[in-house]
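Below is one structure; the comments refer to it alone.
The values are calculated or read from the model by the stated rules, or taken from the named source; none is laboratory data. These numbers come from a predicted model, not from an experiment. FYI the Cβ positions are ideal-geometry reconstructions off the backbone, even for glycines, and counts take in every protein chain you see. For accessibility, only protein heavy atoms count, side chains too; no ligands or nucleic acids. Shrake-Rupley method; radii C 1.70, N 1.55, O 1.52, S 1.80 Å.
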Amino acid sequence: MRIEGLIAATFSTYNNDGSVNSSLIAPLVEKLINDGIKGIYICGTNGEGPNLTVEERMLIAEEYARVINKRILLLVHVGHSSIAECRKLAEHAQRIGADAISSVAAFYFKPDSVDTLVNCMAEIASAASHTPFYYYHIPHLTGVAMDLAEFLRLGEQRIPTLAGIKYTASTLHEYQACLNYKQGKFDILFGFDEMLLPALSVGAKGAIGSTYTFAAPIYNDVLNHFRQGRLKEAQERQFQAIEMIHCLFKYSPIPTQKAIMKLMGMDLGPCRLPLTTLSEKQVAELKTNLENVNFFEHLEKLSQLDSVKAGNGILKK
């Protein structure tokens, strides 16, 4: 499996009481398709997967599969602190027609070696034996930082469905090493939005990120400029994204991004504890900060460009 372009890591959709509101999924999907997104990654970090029950995650996955209806890719995160629960989620994702599944490492009792990590991922992937599997590497949250070249070496022997890695770390040298493992055998999707352009420079083709949910036109323009050899323009557009991301750092990233979605007219509901929804005062400050870097203005202009909406295609095997 090979993915090119942007995959949006979508946010949770809740009612005001914190219960899942699946009716918000359809308009979100239509927005992302219109923005030129090539796929959606659900129930991961930004989708508050660890804050959801297994039953809720299945309900959400079913609604995404129904609404997407194979128009774009659906990647389902099945990570959990229990491998047995991971397997339930993996089997369910395959049954509803997900294009790929993905899992973080166990984040309470952590694997103590690459060998153990591979064994864990093999157990999870085997529950969906016909669906491509991506290991989700996010060490700043899981606390699991292994040699990923070694993971690929062992994983290709034990995980028949191993498609690649969702690489959410800033260590570009290791990312590049994974990209070049056996002349590019695996699909290594980059996961730090603020470093998209540097990742492209070392060979990235596809990326998964949270800010692609509301700022995809900016990043699609980075991709367009880079692929056409206009580095200066790509740098300028990437810096616009960085200025926006700097506005997120004052508060908790996920609630802040959901607040941006609301400012843009799409209220996805609150967050669940221990995440805390921004106050009205904080939202007002956030809006002012985003206006000061012309975020909404940049986004509106780019949203009107057909070249940006078109994105950069999907390559599927």
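Within segment 214-232, the residues that satisfy the criterion of being open to solvent by less than 70 Å² (accessible area, probe 1.4 Å) and either of a type in the set (Gly, Ala, Ser) or in contact with a His (Cβ under 8 Å, 6 or more places away or on another chain) (or both) are ALA215, ALA216, ILE218, GLY229.
The residues listed here are VAL104, VAL114, VAL118; of these, the one that is crowded, with 24+ Cβ neighbours inside 10 Å, more than 24 Å from ILE60 (Cα to Cα) and either touching a Leu at 6+ places or on another chain (Cβ under 8 Å) or among the hydroxyl-bearing types (Ser, Thr, Tyr) (or both) is VAL118.
For segment 69-88, a residue qualifies if it is closer than 21 Å to SER23 by Cα and either assigned to a loop (DSSP other than H, G, I, E, B) or out of contact with any helix residue (DSSP H, G or I) (no Cβ under 6 Å at 6 or more places or on another chain) (or both), and the qualifying residues are ASN69, LYS70, ARG71, ILE72, LEU73, LEU75.
Of the candidates GLY97, GLY203, GLY164, the single residue that is of a type in the set (Gly, Ala, Ser), more than 25 Å from LEU59 (Cα to Cα) and open to solvent by 10 Å² or more (accessible area, probe 1.4 Å) is GLY203.
Got at least one residue in segment 176-197 being open to solvent by less than 20 Å² (accessible area, probe 1.4 Å), of a type in the set (Val, Ile, Thr), without any contact (Cβ under 8 Å) to a residue 40 or more places away in the chain and touching a Phe, Trp or Tyr at 6+ places or on another chain (Cβ under 9 Å)? Checked segment 176-197: at least one residue is open to solvent by less than 20 Å² (accessible area, probe 1.4 Å), of a type in the set (Val, Ile, Thr), without any contact (Cβ under 8 Å) to a residue 40 or more places away in the chain and touching a Phe, Trp or Tyr at 6+ places or on another chain (Cβ under 9 Å). Within segment 58-80, residues that are among the basic types (Lys, Arg) sit with their Cβ atoms under 9 Å from residues that are assigned to a loop (DSSP other than H, G, I, E, B), at 6+ positions apart or across chains, in these pairs: ARG66/ILE96; LYS70/GLY97; LYS70/ASP99. Taking segment 11-44, which residues are within 22 Å of GLU91 (Cβ to Cβ) and not in a helix (DSSP H, G or I)? Matches in segment 11-44: VAL20, GLY39, ILE40, TYR41, ILE42, CYS43, GLY44.
Name the one entry in VAL78, VAL54 that is touching a Gly at 6+ places or on another chain (Cβ under 9 Å) and open to solvent by less than 20 Å² (accessible area, probe 1.4 Å).
Values: VAL54 fails: touching a Gly at 6+ places or on another chain (Cβ under 9 Å).
Only one candidate qualifies: VAL78.
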